[in-house]
Amino acid sequence: MATVQLDHIRVDYDGKTVVHDVSFSVDDGEFAVLVGPSGSGKSTILRTITGYAPIDAGTVRIDGKDVTYAPVRERDIAMVFQNLALYPHLTVRQNWEFPLKAAKLPKAEQAKRVDDVARMLEMTPYLHRYPHQLSGGQKQRVAMGRALVRNPQLFLLDEPLGALDAKLRVEARSAFKTLQRDLGITTIYVTHDQIEAQALGTKIIVLNDGIVQQVGTPETIYDNPSNQFVAGLFGSPPMNLFDVDVSRDQGVLIAHRAEFSIALPPHLDIEGLGSGASTGAVLGVRPESLRLQARPGEDSIAATVFVVEPTGHQLIVDVKIQDLIVRVRADRGEEWIATLTPDEIVHVTFDRRRLFLFHRSSGDRVA
Ligand SMILES: Nc1ncnc2c1ncn2[C@@H]1O[C@H](COP(=O)(O)OP(=O)(O)OP(=O)(O)O)[C@@H](O)[C@H]1O
Ligand SMILES: [Mg+2]
């Protein structure tokens, strides 16, 4: 097995920097997920580890050894690419034997590895089929298997589930998570899907515009996002984010906007904001940190129901405070909530312990 360490990696394409000063490490057996929007540099970073991308600065270490400029074949890495790229004219067995033949493995060993992986991926009945005779999920397992037969010390996957429909994705995801845990192969997995990142990763590396935004466990990324970008990326539906003016009144910070004013809890403090002064900020509140009540209560804000969207046992309710749309996650268990209809009046309260505040200009979180 292996550890991976990237230190201050920079990649330029055509004079433009697409990966900026990226540093992170992946422990032995760890499942790391690189997540970020399209074009944020995820595939490029994976390619710096395999040796397929030109590195303009920084070092890549595998097991402590500097491989920044080592040729691809000297790195014991298996990669599943963004497009599955199976050989259409070869059967599943032949697709899997291909890398083993190239490595000049004895015939008997080739057969054994293929049979073992087929059993692991439940593909034994399909070994004689060609890719066009397989479902999307089976093709994805062929791509995975072709990497696994090599018994790699490091497994890199670039959006391997991208081509699958929602249900198959969830199945493939949990099968893959179990497989990774059983084999204990150090894995770096790329996705733009925050739900997939949360479901799979023991470590999540969040990227935007080629810059690492945060590295942490799924829980840390969700509960303690370091900035507005990370806060807005994770969670479905995502966090509500409102521009507010923050001012200090008798020591207490108040966030105002036309539709509401709310006293902020003491753990949110903008240092150096004097009494009477005010500053622009962004207030964040997750849909599950808002409550709906039928009747007004302490600190509640009146709103009208705009859209009700059932999601299984819960509802996503978009309410309007004047013209401001606020998304609330509510339990269907309460009868009056289960029967909410548009234009009804409701009362919203914010869970003040679960508010986030970000500096308007930098997006950094106020802690
Ligand atoms: N070979 C290349 N030559 C020039 N520019 C490139 C090259 N490869 C990638 N880029 C650019 O680098 C940036 C990062 O690309 P990359 O493929 O790493 O993004 P990504 O996060 O994997 O995106 P996606 O989710 O769409 O796959 C993009 O702006 C892309 O256009
Ligand atoms: Mg990519």
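We did not get these values from a lab; they are worked out from the coordinates using the rules stated. These numbers were taken from a predicted model, which means no experiment stands behind them. Positions of Cβ are backbone-derived with ideal geometry, glycine not excepted, and every protein chain shown enters the neighbour counts.
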Self-check item: Estimated dipole of the chain in Debye, rounded to 20 [Cβ of Lys and Arg +1, of Asp and Glu -1, Cα centre]
Solution: 1580
Quiz prompt | Length gained when the stretch Ala338-Asp63 is fully extended (0.36 nm per residue, less Cα-Cα span) | solution = 93.5 nm
Quiz item: Counting DSSP beta bridges in region 4-233, what percent are antiparallel, to the nearest 5?
Solution: 50
Quiz item: Which value in Å is the Kirkwood Rh of region 240-359 over different Cα pairs?
Solution: 15.1
Self-check item: Separation of the Glu171 and Ala294 label points, Cα + 7 Å toward Cβ, nm
Solution: 4.3
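For a test of understanding, tell me how many lysine pairs in region 4-233 have Cα atoms under 19 Å apart, given they are 8 or more places apart or on different chains. Mind showing how you got there, number by number?
Numbers: Lys16/Lys42; Lys42/Lys203; Lys101/Lys112; Lys104/Lys112; Lys139/Lys167; Lys139/Lys177; Lys167/Lys177; Lys177/Lys203.
So the count of such lysine pairs works out to 8.
At R0 = 45 Å, how high is the FRET efficiency between Asp27 and His89 if r is their beta carbon distance? Nearest 0.05 is fine. All intermediate terms of the calculation are to be shown ahead of the outcome.
Details: r = 40 Å, r/R0 = 0.89.
The value I calculate is 0.65.
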Exercise. Obtain the nm distance between the two label points defined at Ile195 and Ala108 by a simple spin-label model: each point lies 7 Å from its Cα along the Cα-to-C-beta direction.
Key: 4.9
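Say R0 is 56 Å: what FRET efficiency, to the nearest 0.05, do Glu309 and Leu183 get from their beta-carbon distance?
Numbers: r = 40 Å, r/R0 = 0.71.
It comes out at approximately 0.90.
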Practice problem: Taking a cut-off of 15 Å between Cα atoms, list the aspartates and glutamates near Lys320, but don't count ones fewer than 8 places away on the same chain. | Solution: Glu259, Glu309, Asp343, Glu344
Practice problem: For n ≥ 4 DSSP H runs only, could you compute -39500 (n - 2.57) per run for the chain, divide by its residues and tell me the 222 nm figure to the nearest 500? | Solution: -7000 deg cm²/dmol
Quiz item: Which is farthest toward the positive dipole end of the chain among Phe350, Ile205, Ile325, measuring Cα position about the Cα centre, with Cβ charges +1 (Lys, Arg) and -1 (Asp, Glu)?
Solution: Ile205
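Could you work out the percent of alpha carbon pairs in the chain separated by over 25 Å, rounded to a whole number? Each step should come with its number before you reach the end.
Working: 42045 of 67161 pairs.
Above the 25 Å cut-off, the chain has 63 percent of its Cα pairs.
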Quiz item: How big is the antiparallel share of DSSP beta bridges in region 105-259, given as a percent to the nearest 5?
Solution: 65
Quiz item: Got the relative contact order for the chain handy, in percent, Cα pairs under 8 Å and 6 or more residues apart?
Solution: 15
Self-check item: Distance in nm between pseudo-label sites at His132 and Asp331 (7 Å out along the Cβ direction from Cα)
Solution: 5.5
